[in-house]
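Working notes for the structure below.
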Amino acid sequence: MNSNNGKKLAGKVAVITGANSGMGLATARRLVEEGAHVVITGRREKELAEAAAFIGKNVTAVAGDVSNLADLDRLYAVVKEKHGHIDILFANAGGGTIAPLATSTEAQFDKTFDVNVKGVFFTVQKALPLFKDGGSIILTSSNANELGVPGLTAYAASKAAVRSFARGWTLELKDRKIRVNSLSPGPIETPALEKVGLPPEQVEQAIAHFAGQVPLGRRGKPEEIASVVVFLASDESSYITGVDLAVDGGMAQV
Amino acid sequence: MSNNIGKKLAGKIAVITGGNSGIGLATARRFVEEGAHVVITGRREKELKEAADLIGRNVTTVAGDVSRLEDLDRLFAVVKEKHGHIDVLFANAGWGEVAALATATEAHFDQTFDLNVKGLFFTVQKALPLFKGGGSIILNSSVSNVLGMAAFTVYAASKAAVRSFARGWTMELKDRKIRVNSMSPGPIDTPALGKVGLTPEQVKQLAAQWASEIPLGRRGQPEEIAAALVFLASDESSYITGVDLAVDGGMAQV
């Protein structure tokens, strides 16, 4: 379709961090299908270029690391020059490493909090001048924000911090009519699991284990996160702010 | 539009209890706009008929009280005869009345739990045989399920029971691929507030107080609940089950 009939985000400008794979990429693609222009960012230039090619149209790629404030300045300078404003921000960049309390290094701890917490904080701070009155900010938390997850406690705590941001920023930004919600995925079919530092056999085991813990009996697909971001980004959720919406097949709900 | 392009509930059969005013009526209207056939029920025949006129098409009415099991049998007999199955159930009928712990009567307690808890329990039980291979059940809870509200404790507890049902039924119905979520409105601009037993001045005061307690600074519109219901009823929420989605302008989130 070339027209915007029935498209929920026609003409909206959306910024998505961590968009070169998984949930961020699926969301960027879906937002463009819904009529939005997207600006995507990620650390790996080659993957980012491939992501932009995959999205195909109405996409701008800016390579950068959200934990590096100079990179964020560069990102928003591009957004400002190209679009002049932001309607939707999906602060999605994040990651985790298996690191038990007893053996976690300072570097592992710092990296987790630098990207997941400090990176999200300044991603949103630096986006604010570009929001006109009104808009929607969606933060990627995790259902780990309310679960005890052995070996992933720094990750879980960082995601609890993100969920907390959604509460406080709802109040800080209410007078500007900007809604702020967090979205908490459960296990999703993304490359992230392969990156937490487990050998392939343990990844397989973890996938089987998750499926057993999820009422829906399977991992979610990135597209099932994307459809929720569309809802939270659009006026369909106009009376929803400050919530943490779990998209976890029921895993943390029962 | 007379075709179903872009409609999210095309051809779906939806049953909505408490469909004669406010949230239930707005949802029935929106579901029909999205391509669904709706069966609505409510206690007052005249209002129910007016609701059906307002909805205009693809609507069937069955007068009845959800706290009376024979009325539920009659409702689902009509659904079975007319449509043969159910895809979406919005168990919405509910009721509240101001009553302090110190002075609440047994009749107040019984009426609240009979309608909000027992009525909802058997609404879902008796709908189950009509679900085929998947579906979505949405239970109307309330943000009071997580708030302490003076003189509204029986209502709040009944809504906490409803939120609990969503957790357990997620497990009981997962093998049938039926998702179960609760939806918790904050203060919504409906006729319900006029019926809780307050004087008009108290209603006015309460509405003003809420507006100041709600981050979005206003009561929600029934159509904003209906939009959230479309999301939970449709495949856009295919990996969401067991959650309690607050549609409360941020009231209970901060």
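The values are calculated or read from the model by the stated rules, or taken from the named source; none is laboratory data. This structure is a prediction, so every number in the text was calculated from the model and none was measured. Here Cβ is always computed from backbone atoms with ideal geometry, including for glycine, and neighbour counts include all displayed protein chains.
At a glance:
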quantity: So residue A:58, is it closer than 17 Å to residue A:138 by Cβ and touching a helix residue (DSSP H, G or I) at 6+ places or on another chain (Cβ under 8 Å); calculated: no
quantity: Among the residues listed as A:124, A:120, A:149, the single one being farther than 19 Å from residue A:179 by Cβ and among the hydrophobic types (A, V, I, L, M, F, W, C); calculated: A:149
quantity: Filtered residue count, the stretch A:204-226, keeping only those that are within 13 Å of residue A:139 (Cα to Cα) and within 7 Å of chain B (Cβ to nearest Cβ); calculated: 0
quantity: Yes/no for residue A:229 being more than 17 Å from the chain's Cα centre (by Cα) and more than 9 Å from every other protein chain (Cβ to nearest Cβ); calculated: no
quantity: Cβ pairs under 6 Å, 6+ apart, first in the stretch B:171-191 and within 17 Å of residue B:92 (Cβ to Cβ), second of a type in the set (Phe, Trp, Tyr) and buried (at least 24 other Cβ atoms within 10 Å of the Cβ); calculated: B:180/B:169
quantity: Residue tally, condition closer than 20 Å to residue B:247 by Cβ and among the charged types (D, E, K, R), over the stretch B:122-177; calculated: 3
quantity: Test: residue in the stretch B:201-222 that is part of a loop (DSSP other than H, G, I, E, B), polar (S, T, N, Q) and free of Cβ contacts under 8 Å to residues at least 12 places away in the same chain; calculated: no
quantity: Scan of the stretch B:53-97 for residues that are modelled with pLDDT of 95 or more and among the aromatic types (Phe, Trp, Tyr), ordered by number; calculated: B:76, B:90
quantity: Residue count, the stretch A:139-161 (criterion: touching a Ser or Thr at 6+ places or on another chain (Cβ under 7 Å), within 14 Å of another protein chain (Cβ to nearest Cβ) and hydrophobic (A, V, I, L, M, F, W, C)); calculated: 1
quantity: Conditions (1) at pLDDT below 95; (2) within 12 Å of chain A (Cβ to nearest Cβ); (3) under 28 Å from residue B:31 (Cβ atoms); number of the one not met by residue B:192; calculated: (2)
quantity: Residue selected from the stretch A:177-198 under the condition part of a loop (DSSP other than H, G, I, E, B) and at the interface with chain B (Cβ under 9 Å from one of its Cβ atoms), by the criterion farthest from residue A:156 (Cα to Cα); calculated: A:177
quantity: Residue match in the stretch B:175-186 (condition: buried (at least 21 other Cβ atoms within 10 Å of the Cβ) and within 7 Å of chain A (Cβ to nearest Cβ)); calculated: no
quantity: Answer residue from the stretch B:238-247, given it is within 7 Å of another protein chain (Cβ to nearest Cβ) and on the phi < 0 side of the Ramachandran plot and is surrounded by the fewest Cβ atoms within 10 Å (Cβ to Cβ) among those; calculated: B:238
quantity: Residues that are in a strand (DSSP E or B), surrounded by 21 or more Cβ atoms within 10 Å (Cβ to Cβ) and among the small types (Gly, Ala, Ser), drawn from the stretch A:32-71; calculated: A:42, A:61
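This table checks each residue for (1) within 25 Å of residue B:195 (Cα to Cα); (2) of a type in the set (S, T, N, Q).
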| position | (1), (2) |
| --- | --- |
| B:55 | yes, no |
| B:60 | no, yes |
| B:77 | no, no |
| B:104 | yes, no |
| B:112 | yes, yes |
